[in-house]
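Before any comments, here is the structure.
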Amino acid sequence: MGLLSKITGRFGRHSSGDMVVTPTEEQESINDTRRGTTVDSNNYLRRMYDEMYVSPEYKASVLSIRTMDKQDGRVKKIHRRMARDATKGGIRIHWKGAENKRISKLFTQWKKRMGLDNAQKLQSDARGAVMEGQLALQWVVNDRREMTLGLRMPGETMYPDTDATGQFKSTQSAYKQLDPVGGYQIIAEFAFWQISMVRLDPDNFDDYGAPGRPYLDASRKSWKQLTMTEDDLVIRRRTRAPQRFSHVLEGAEDKKLQAYKNEQEAVKGEITTDFYSNCKGGVTALGGDAQLDAIADVVHLLDTFFAGAPAPKGLFGYSDGLNRDILEDLKKDYFEEIDGLQDTLSQAYYEGFRLQLLLNGINPDAYDFQVQFSERKTETRNQKADLALKYQAMGVPDSHVWETAGLEPENVMDRIKAQKNSKDPYPSEQDDDDGTVTNDGTKQRVTITPGNQSKGESATHVSNT
């Protein structure tokens, strides 16, 4: 029984709704070449203790990261910025081979029906993946075999029911959701096709029971040390920064000294700034701590924390002493991290759209396409435009030029065609493949000068002659 047969059987295409593995599949699983286990030593022992409930270590890590996100604006900004940059522009279908208009139309309808054209939905999914280390989407299908929702499930409640080899025990109950409070009671079961789970940095990708890791998981210790040191720094300034006074009343009796002390303390604040002695009289000022600017320990912990962040601290407000050229180089590393996050997230949406095609009776393997985010962050917009112009000068097809520039070729061509027709006195003329009319006139000329830009890059010049 194939995946399509199992799914359609679930929605009543067959008289029996019993979804079991056929003897043929069992025989195939016995006769394949798989041997051994994908679970390493640490996870193998851990799995013996974590049988039928989510790993306490992973659950504690997720809860700790959420606490950090609520209490520290720096952590919140890291999560929010990663989610915003990764999802900017939304998702689109990218064709490696010839485009199929029907599949493209189905993708547009699917994306709108699922709410994936909403930036807030995409950012919520991305932010949850960064904070939880994995993204588990539950695909909701109506009685017309149309996917209507992709619900993000809390990562710490989803339990992959795997065996000792790291493989699912059954595709009919591959995932179980456990009680969020107790963590032991099963409140829902999901077939393999109902959940698409992508993980960030699992111990072993082939071990389906290995959870992902929150992005700042390894930075939790340095964050605790940083916040503790910052609290100590505030206490130190509050107790040691004010100027103090030593009051000396020569030969004063205890009663007289106490009366003087009460009189002075009645008008002072909460911080102790006055000291008394029953000796020679006088008031001497005692300076506060002169080393309050010595905070190298705080700077060290701050650097340690941001060393595990996706971007340098200069992008999050700490720009003192940071060279601009170095910042540009560090931004490239950040953009590569964002590109990796985009690849992970888009895999979940790709699996969802494949499921929709199967529900429509279409074999997705017959078409060469990908689901990816529109804007890759490795290159800036100017770099994309520059590369697109160079492609145009090389004679690359217009659709690929627009795609390189980060634009949807179909939308751009439709708008060009509409603009031309609105000003064309002869709208009956045929159009070119790029959507523009045949009498386009003189096209712009693109010339490239190698090595005429900073860091050895080539310069691009556009002219109308």
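Readers should treat all values here as calculations from the given coordinates under stated rules, not as data from a laboratory. This one's a predicted model, so the numbers in the text were calculated from it and none came from an experiment. Because the Cβ atoms are built from the backbone with ideal geometry, glycine has one as well, and the counts that use them run over all protein chains shown.
Protection proxy ranking, highest mean first, for peptides 216-224, 191-199, 123-131: 123-131, 191-199, 216-224, where packing is the per-residue count of other beta-carbon atoms within 10 Å, averaged. Need one word for segment 63-153: rounded, prolate or oblate. Basis is the Cα gyration tensor (sqrt eigenvalues a ≥ b ≥ c); a/c below 1.5 gives rounded, then a/b vs b/c decides. Verdict is prolate for segment 63-153. Over 27 Å apart at the Cα level, from the set LYS176/LYS224; LYS88/LYS176; LYS70/LYS313; LYS101/LYS417; LYS76/LYS112; LYS121/LYS390, are LYS176/LYS224; LYS88/LYS176; LYS76/LYS112; LYS121/LYS390. If R0 is taken as 56 Å, the Cβ-Cβ distance between GLU189 and MET228 corresponds to a FRET efficiency of 0.85.
Sorting 139-146, 96-103 by their mean Cβ neighbour count within 10 Å, with the most densely packed peptide first, gives 139-146, 96-103. Near LEU149, the amide H atoms lying under 5 Å from its own belong to VAL140; only residues 5 or more places off or on other chains count, and H is placed 1.01 Å from N.
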